[in-house]
Amino acid sequence: MTVLRPVLGDQLSHSLASLRGADRAHSVVLLAEVAEEADYAPHHRQKLVLVFSAMRHFAGELEAGGWRVAYRRLDDPDNRGSLAGEVAAAAAAFGATRIVATRAAEHRVIAAQERWAAEAGLPVDLLEDDRFLVSPADFAAWAAGRRRLRMEDFYRWQRRETGILMEGGEPAGGQWNFDADNRKPFREGLAIPPAPAFAPDAVTREVMGMVARRFPGRFGSLDRFGWPVTRSEALTALEAFVHTRLARFGDYQDALSHHHETLFHSLLSSSINLGLLLPREVIDRAVAAFSAGLAPINAVEGFVRQILGWREYVRGIYLCEGPGYVRRNALNATRPLPGFYWTADSGMACLDRAVAQTRDSAYAHHIQRLMVLGNFALLAGIDPFEVHEWFLAVYADAYEWVEAPNVIGMSQYADGGLLGSKPYAASGAYIDRMGDHCRHCRFDVKAKSGPGACPFNRLYWDFLARNEEMLSANQRLWQPYATWRRFDPGRRAAVRRDAAALLATLG
Ligand code: FAD
Ligand code: DLZ
């Protein structure tokens, strides 16, 4: 009796549900590089290298651990091109009598897994992915009957459930939230330890050659590839973060810098999303650093909130909302995505820096994604599905389950406020306050209108005016709408004309 155990490219954890406790003598683990997954989005070339190299390293570790592994390379001449094709072929080749897999993270692949039984003619056991801290059933139970699904409520519930950063039933440090302490702007002279980069080994270099040959037209440079591709490298990255950057993570969580790409961020998302690191162990490591006095509570709580809070919460929203979520468009935004999201030539220093960095490293930190790239698309009324497609394509950590709620919900407010209590819309003043981009920009952040004015300023009031019917009842927007209404009719008309002139130039 042989059990076939397919492992997906983002399931690279030795403790995976479908591997844990399995009888190795009667199992074959299948890892398959397939065109279907490489092509469903035009992934950045660094992401392709990262996923395939990590899969190949993981297969090697499994073999070294006594597993029998069937590994299918993208350039194998008889590669079937789809996960279903590879699963059916492997099942036949190894005489498997059963398939045991861990449920995929994304609707597209879950649906494919549910067809495997028919296509391979074998029973399939799909096990829950218990690397997440909250199961889909527990999230659904938490969400049931709630009037609003706010991350803060979810997060406090999780803190209480898990006991993480809790002391005697109360939040450590006496507060649930240290956001007020965590808004320091970038300042010149700030010493920022660099995140480690991992030199490509022979396996990664071989994959780089294959990706360069096979995906010549894809966005993204491979020159600076340095992502962790093994668990051991990912653990090194985690330790480097904890020892050199975690202590100031909170303070500069919202900062923007023209010259420093990563600030005090962890750069761990690609490793966590692939399964090289487990979210719980990353949280535990940060909490241990707090207990050991390595980092203050505002830093550790801020970091834990991102993983125990946001990461788990967006996954729950994604699963509850179903495949149609990516098509939500509550603000009826229809403008095409401007070409400068690919070419970095908008003339706006903050936006061009974020796009160029994305091209060169497949990374931008949260505030670049939300308050620069996302904010501009929101203000300009870009079709949220096009924004979603772009974000899904360009980051090393991009998987629909985490990207779509962040883009459709948090950034573009296209779900009408399911995820966020108000749109993250801001004028140039926010970008100016949080960092030094504006000093390097040809547009004037102090000017409100006209060709030389910061485009975020020219679009901000127009965004509010355009969406007044939908947004003006929102209590959190009371103040900006009160200001807008105090503008005299001539000024309002001029704002709308100026924005229209700018929008007409977006190509
Ligand atoms: P840090 O700032 O160091 O945060 C620590 C960890 O917390 C991250 O590694 C990540 O695991 C988790 N995290 C932080 N914020 C979020 C969040 N909002 N949602 C889920 N997890 C979070 N994250 C992805 O993993 N993949 C995506 O495709 C993705 N797309 C995004 C698109 C937009 C428009 C926005 C606003 C956010 C997106 N995020 C995405 C969330 C967040 O920006 C990234 O997780 C983070 O920038 C990754 O860098 P880091 O590891 O240095 O994170
Ligand atoms: C992202 C990705 C890519 C590019 N290629 C593969 C692949 O060839 N084979 C595979 O098993 N997984 C790949 N992945 C990761 C999958 O897209 C991921 O498992 C699904 O998005 C489910 O979350």
Candidate set from the range 38-67 (those that are touching a residue at least 60 places away in the same chain (Cβ under 8 Å) and open to solvent by 40 Å² or more (accessible area, probe 1.4 Å)); member that is nearest to ligand 2 (Cβ to nearest atom): TYR40
Pair list, Cβ under 8 Å, 6 or more apart: the range 422-445 residue aromatic (Phe, Trp, Tyr), other residue surrounded by fewer than 15 Cβ atoms within 10 Å (Cβ to Cβ): PHE443/GLY347; PHE443/GLY452
Odd one out for GLY381, checked against (1) touching a residue at least 40 places away in the same chain (Cβ under 8 Å); (2) out of contact with any Ser or Thr (no Cβ under 8 Å at 6 or more places or on another chain); (3) of a type outside the set (Lys, Arg): (2)
Residue, nearest to LEU16 (Cα to Cα), within the range 92-110, restricted to residues that are within 16 Å of ligand 2 (Cβ to nearest atom) and either in contact with a strand residue (DSSP E or B) (Cβ under 9 Å, 6 or more places away or on another chain) or modelled with pLDDT under 95 (or both): THR102
Single residue of ALA426, ALA500, ALA447, ALA482 found to be of a type in the set (A, V, I, L, M, F, W, C), open to solvent by 20 Å² or more (accessible area, probe 1.4 Å), modelled with pLDDT of 95 or more and in a loop (DSSP other than H, G, I, E, B): ALA447
Unmet requirement for ILE272, which otherwise passes all of (1) within 16 Å of ligand 2 (Cβ to nearest atom); (2) surrounded by 23 or more Cβ atoms within 10 Å (Cβ to Cβ): (2)
Qualifying positions in the range 277-303 - over 24 Å from the mean Cα position of the chain (by Cα) and open to solvent by 10 Å² or more (accessible area, probe 1.4 Å): ALA288, PHE290, SER291, ALA292, GLY293, LEU294, PRO296, ILE297
Qualifying residues in the range 186-219 (those that are touching a Gly at 6+ places or on another chain (Cβ under 6 Å) and open to solvent by less than 70 Å² (accessible area, probe 1.4 Å)) - the one farthest from ASP254 (Cα to Cα): PHE198
Residue among ALA22, ALA17, ALA32, ALA70 that is closer than 25 Å to PHE132 by Cβ, touching a strand residue (DSSP E or B) at 6+ places or on another chain (Cβ under 6 Å) and surrounded by fewer than 23 Cβ atoms within 10 Å (Cβ to Cβ): ALA17
Odd one out for ASP10, checked against (1) within 11 Å of ligand 2 (Cβ to nearest atom); (2) part of a helix (DSSP H, G or I); (3) within 22 Å of ARG131 (Cα to Cα); (4) charged (D, E, K, R): (2)
SER421, sole failed condition from (1) modelled with pLDDT under 95; (2) in contact with a His (Cβ under 9 Å, 6 or more places away or on another chain): (2)
Check on LEU222, in contact with a Gly (Cβ under 8 Å, 6 or more places away or on another chain) and open to solvent by 10 Å² or more (accessible area, probe 1.4 Å): no
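Inspect all residues belonging to the range 341-357 and state whether any of them is in contact with a strand residue (DSSP E or B) (Cβ under 8 Å, 6 or more places away or on another chain) and more than 16 Å from ligand 2 (Cβ to nearest atom).
Of the range 341-357, the ones in contact with a strand residue (DSSP E or B) (Cβ under 8 Å, 6 or more places away or on another chain) are 350.
If we keep only those that are more than 16 Å from ligand 2 (Cβ to nearest atom) as well, we get 350.
Checking the range 341-357: at least one residue is in contact with a strand residue (DSSP E or B) (Cβ under 8 Å, 6 or more places away or on another chain) and more than 16 Å from ligand 2 (Cβ to nearest atom).
The values are calculated or read from the model by the stated rules, or taken from the named source; none is laboratory data. Worth saying up front: this structure is predicted, and the values here are computed from it rather than measured. Positions of Cβ are backbone-derived with ideal geometry, glycine not excepted, and every protein chain shown enters the neighbour counts. Only protein heavy atoms, including side chains, enter the accessible area calculation; ligands, DNA and RNA are left aside. Shrake-Rupley method; radii C 1.70, N 1.55, O 1.52, S 1.80 Å.
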